[in-house]
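Read through the structure below, which is laid out as structure tokens, and then see the notes.
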Amino acid sequence: MLKDITLGQFFPGSSVVHRLDPRTKLLAVVAYIVAIFMADGPWSYGLCVLSLLAVILISRIQLRLILKSLKPVVVIVLFTAILNMFYVSGEPLITLWKLTITREGLITAVSMSLRIILLVASTSLVTYTTSPIALTDAIESLLGPLKKIHVPVHEFAMMMTIALRFIPTLIDETDKIMSAQKARGADFESGNLLRRAKALVPVLVPLFISAFRRADDLAIAMECRLYHGGAGRTRLHSLRYALIDLWGFLLCAAAVAAIIVLGRVAP
């Protein structure tokens, strides 16, 4: 399960999606998320799925990586689907003991599950095709107007990017610690859920020690490089919009508008 968590990983490439300005990708994914929650009906949801599949195909990211990113949320999707199937009132379809599956509940379960899947897949695609440094610059640029009211935008963007960057590192560290303890006879797989949870407690102590050590090393490295926040800092690669970003905006706007219209018009 740990190796299935791919959030924060970046896969370099030369596709059109990789070459888009990171601000364009962030705005596009926000617009796509809004469209997902405004979709209603099979036609609009179908267009959401087709739009995402088209972007995945253009980005040349393997579909198995996107599916891999969905494994950690399988439990959440199933839990959401079960709650909606049994606890949404409407026309009854199947009765199991004292629980009744309704038509409206089944439709709601499918739509909510699909929303979670599309949400996770689209955000994972952004991190797969955008480097952490580019994400930092994009977030800082988009939140730039907040600097006028003394919001620490640069520090906020830096913290978000460092958190994303260290997710894969901490996952690898956890896997190494668990492998080392398994070699010493630890058992993380047998027993009930409570017993397995207790077995993970010895993993937390070395993991936290390693995380604090890495944080301290990072702080020392930043101080040695005279890092003092965003004031007066320059960038090696400045963000610039290009013609490809204009086409990206237009295609995204067209897809979002079509999804919303289909959700309101189509049955």
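The values are calculated or read from the model by the stated rules, or taken from the named source; none is laboratory data. None of the values given here were measured: they were computed from a predicted structure. FYI the Cβ positions are ideal-geometry reconstructions off the backbone, even for glycines, and counts take in every protein chain you see. We work out accessible area using only protein heavy atoms, side chains counted, and drop any ligands, DNA or RNA first. Shrake-Rupley method; radii C 1.70, N 1.55, O 1.52, S 1.80 Å.
Pairs, please: C-beta under 7 Å, at least 6 apart or cross-chain, first residue modelled with pLDDT of 90 or more and in region 28-51, second among the basic types (Lys, Arg) and open to solvent by less than 50 Å² (accessible area, probe 1.4 Å)? From residues that are modelled with pLDDT of 90 or more, the pairs are Ile36/Arg115. In region 138-160, the residues that are on the phi < 0 side of the Ramachandran plot reach residues that are of a type in the set (Asp, Glu) with C-beta atoms within less than 7 angstrom, at least six apart or across chains, in these pairs: Val153/Glu140; His154/Glu140; Ala157/Glu140.
Per the listing Leu27, Leu65, Leu83, Leu57, the residue uniquely within 29 Å of Arg264 (Cα to Cα), touching a Phe, Trp or Tyr at 6+ places or on another chain (Cβ under 8 Å) and either of a type outside the set (S, T, N, Q) or not in a helix (DSSP H, G or I) (or both) is Leu27.
Within region 218-267, the residues that satisfy the criterion of being modelled with pLDDT of 80 or more, not hydrophobic (A, V, I, L, M, F, W, C) and not in a helix (DSSP H, G or I) are Arg225, Arg240, Tyr241. Contact annotation: residue pairs with Cβ atoms under 9 Å, 6 or more positions apart or on different chains, pairing a residue in region 179-206 that is in contact (Cβ under 8 Å) with a residue 24 or more places away in the chain with a partner that is assigned to a loop (DSSP other than H, G, I, E, B), are Val203/Ala186; Val203/Phe188.
Restricting region 58-94 to residues that are of a type in the set (Gly, Ala, Ser) and farther than 21 Å from Arg115 by Cα leaves a set whose member that is most open to solvent (accessible area, probe 1.4 Å) is Gly90. Gln9 falls short on exactly one of the conditions (1) open to solvent by less than 40 Å² (accessible area, probe 1.4 Å); (2) touching a residue at least 60 places away in the same chain (Cβ under 8 Å), and that condition is (1). Could you tell me whether any residue of region 111-129 is in a helix (DSSP H, G or I), crowded, with 18+ Cβ neighbours inside 10 Å and at pLDDT below 85? No, every residue in region 111-129 fails to be in a helix (DSSP H, G or I), crowded, with 18+ Cβ neighbours inside 10 Å and at pLDDT below 85. Comparison of Ala215, Ala134 shows that the only residue that is modelled with pLDDT of 80 or more, part of a helix (DSSP H, G or I), more than 24 Å from Ser59 (Cβ to Cβ) and out of contact with any Leu (no Cβ under 7 Å at 6 or more places or on another chain) is Ala215.
Okay, residues lined up against (1) farther than 20 Å from Asp137 by Cβ; (2) touching a Gly at 6+ places or on another chain (Cβ under 8 Å); (3) of a type outside the set (Asp, Glu):
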| position | (1), (2), (3) |
| --- | --- |
| Phe156 | no, no, yes |
| Ile177 | yes, no, yes |
| Leu194 | yes, no, yes |
| Pro202 | yes, no, yes |
| Asp217 | yes, no, no |
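Taking region 108-122 as the range and being β-branched (Val, Ile, Thr) and in contact with a Leu (Cβ under 8 Å, 6 or more places away or on another chain) as the test, the residues that pass are Ile117, Val120. Looking only at residues of region 167-199 that are more than 28 Å from the chain's Cα centre (by Cα), outside any loop (DSSP other than H, G, I, E, B) and of a type in the set (D, E, K, R), we find that the one that is modelled with the highest pLDDT is Lys182.
Checked against (1) of a type in the set (S, T, N, Q); (2) open to solvent by 50 Å² or more (accessible area, probe 1.4 Å); (3) under 23 Å from the mean Cα position of the chain (by Cα), Ser44 passes all but condition (2).
Among the residues making up region 194-210, those that are hydrophobic (A, V, I, L, M, F, W, C) and either in contact with an Asp or Glu (Cβ under 8 Å, 6 or more places away or on another chain) or loosely packed, with under 10 Cβ neighbours inside 10 Å (or both) are Leu194, Ala199, Val201, Leu207.
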